[in-house]
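Below: one structure, written as structure tokens.
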Amino acid sequence: MKVLFATAELAPLVKVGGLADFSAGLVGALRAKGVDVDIVLPDYGDLALVPADQQQLDVPDWAGPATIRQGTLGGVEVSLVAVPAMARPHPYLDADGRGWPDNEPRFLAFSMAVAVWATMTSPDVIHLNDWHTGATLGFLDDPPPSVLTIHNLAYQGATSGDRLESFLRRSDAYDREGVTNLLAGAITLADRVVTVSPTFAAESLEPETGFGLGELLEARGEAFSGILNGIDTDFWNPATDLHLDQHYDIESLDNKREVSRSLVAELGWEPNGEPLIGMVTRLTDQKGVDLALEATSILDDVGARMVLLGSGDRSLADAARRVADQAGDRFAFRDGYDEGLAHRIFGGSDLYLMPSRFEPSGLTQMQAMRYGSIPVVTDVGGLHDTVTDADDFPTEGNGFVADEVSGPAIRDALERAVNSWRNPSRRAEIIRRGMSRDWSWDAPADLYNDVYSEITSVH
Ligand code: ADP
């Protein structure tokens, strides 16, 4: 089976969020199972590929000139597509955290190059990810069997540029009442549409939570489903993690206390025996960062401390900084994207807060559980599929779930979590359930493989 896998991100070198982890994790697991996967990634300008076997791609003038280089990037075989529009310091955002104004035409050019590459290489399956690659099928007269994975329904690549519409052979599929919608087109044209958790798939069909695409997804019937993401359990492994100064597993949790002590010292605080709540996130409305900041008001009363690492929206970063300035050593904010600190927060925190308004899959709650940090989450999307409330389900709970997306419900869940954490045997049991579950890509990769087999057998 030969799969062309087109993505805007690939961990660890080109990473903004979970899409990067998905690409690295799923492709790694598929390759380990013998699937021949060609990862096609945009060249944002500074990626050192070795060795570089370069070919021209015969794209129209508006998209080019385009070249593709095949080689190894950080030990992983990739095909890097260079088109002038893609070379930027950040894949999507300017220095103020706003989207580049020409993001749609940029990714149209990338998708055009992917389409040309597909005609040159004749894969058995083409696997697209999110709106960035959504135009690819519209550029192909006779596309191979195709899968689209939707990582975030909120980002659709919608643009009113009529010029763009005329570039697409199947522009009817991309037209949403006069607006070109690159995700909608791919939803219509792909043989299978998958989103990243079963609960988010169900939510996507509802008018309030479908981001305007619910009916379109509903029309795909059984061709639309959810497959829960995994995490790379070799990379996310507290027993070997190079970012931690002590290592531990489920049998040696005492060492986790050392990791916590180091993190507290890194934050400039004295140890005080209270639980530490961690949060690692993009700063966007989706992630409920404002709700988390609001919840810091109970830290004094419940006796807990909190650290937030986040990058993105300036106004949320400013708000977090203001709260931290007032909070002394109750709440710390670290502004930016910091892989090492993220690992130390998963390793050093006791509880992990994720109050998302919506969450297609969510990876950080799984990363937290893998590192023995107990998740406190809202009951949405992939959070619903991974976290079970330990008060409601005492024999199987692995975390705490707020019963609605609201400040009071999140504060209540946090308070319940802190109270349970104070009971050592209960705490150990909840941590054990989170750490012992298989969060790896093994099972999800089998499900994707089944999808590939289905679409190639009926095509
Ligand atoms: P999303 O893809 O919506 O941002 P996910 O939870 O699915 O959210 O995945 C986010 C990924 O990015 C995780 O691997 C997480 O550890 C990482 N991450 C998010 N924010 C940061 C940050 N500020 N610094 C380092 N890593 C981060």
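The values are calculated or read from the model by the stated rules, or taken from the named source; none is laboratory data. Bear in mind the structure is a predicted one, so any value in this text is a computation, not a measurement. Virtual Cβ from ideal backbone geometry, glycine too; neighbours counted across all protein chains shown. With ligands, DNA and RNA removed, areas are computed over all heavy atoms of the protein, side chains included. Shrake-Rupley method; radii C 1.70, N 1.55, O 1.52, S 1.80 Å.
Where a ≥ b ≥ c are the square roots of the eigenvalues of the C-alpha gyration tensor, would you call the chain rounded, which needs a/c under 1.5, or, failing that, prolate if a/b is larger than b/c, or oblate?
Judged from the Cα gyration tensor, the chain comes out prolate (a/c at least 1.5, a/b above b/c).
Under a 1.4 Å probe, what is the accessible area of the chain per residue, stated in Å²?
For the chain, the per-residue accessible area is 40 Å².
Quick check: the angle from helix 103-121's long axis to the longest principal axis of the chain, C-alpha only, nearest 10 degrees?
It is inclined by approximately 60 degrees.
Charges on Cβ only, +1 for Lys and Arg, -1 for Asp and Glu, centred on the Cα centroid of the stretch 254-436; of THR281, PHE346, ILE410, which one is farthest towards the dipole's positive end?
Value: PHE346.
For the chain, calculate the relative contact order in percent as a whole number, restricting contacts to Cα pairs under 8 Å that are 6 or more residues apart.
In percent, rounded to a whole number, it is 12.
Pulled fully out, how much extra length does the chain show between ARG220 and ASP175, if you take 0.36 nm times their separation in residues and subtract their Cα-Cα distance?
14.5 nm
For the stretch 351-459, what's the relative contact order in percent, using C-alpha pairs closer than 8 Å and at least 6 residues apart?
For the stretch 351-459, the relative contact order is 24 percent.
Could you state how much accessible area MET366 has, in square angstrom rounded to the nearest 10, with a 1.4 Å probe and all protein chains kept in place?
MET366 exposes around 0 Å² with every protein chain in place.
Can you list the residues, at least 5 places off or on another chain, whose amide H is less than 5 Å from the amide H of VAL37, using H built in the peptide plane?
VAL3
Under 30 Å from the Cα of LYS33, which lysines turn up, not counting those fewer than eight places away in the same chain?
LYS2, LYS15
Hey, got the dipole for the chain? About the Cα centre, +1 on K and R Cβ, -1 on D and E Cβ, debye to the nearest 20?
The dipole magnitude comes to about 720 debye.
Per-residue HN-Hα couplings for the stretch 357-363, Karplus 6.51 cos²θ - 1.76 cosθ + 1.60 at θ = phi - 60°, whole Hz, x for Gly and Pro?
6, 9, 8, x, 10, x, 10
Determine the share of the stretch 254-436's accessible area contributed by carbon and sulfur atoms, expressed in whole percent, with a 1.4 angstrom probe.
About 45 percent, which is the carbon plus sulfur part of the accessible surface.
Around THR195, which amide H atoms from residues at least 5 apart in sequence, or from another chain, sit under 5 Å from its own amide H, with H modelled in the peptide plane?
Those lying under 5 Å, H to H, from THR195 are ILE150, SER225, GLY226, ILE227.
For every helix of n ≥ 4 consecutive DSSP H residues, a contribution of -39,500 (n - 2.57) applies; sum these over the chain, divide by its total residues, and give [θ] at 222 nm rounded to the nearest 500 deg cm²/dmol.
That comes out to -10500 deg cm²/dmol.
Given axes a ≥ b ≥ c from the Cα gyration tensor, I'd like to know whether the stretch 205-350 is rounded (a/c under 1.5), prolate (a/b larger than b/c) or oblate.
oblate
Sort the stretch 254-436 into rounded, prolate or oblate with this rule: let a ≥ b ≥ c be the square roots of the eigenvalues of the Cα gyration tensor; rounded if a/c is under 1.5, and if a/c is not under 1.5, prolate when a/b is larger than b/c, oblate otherwise.
rounded
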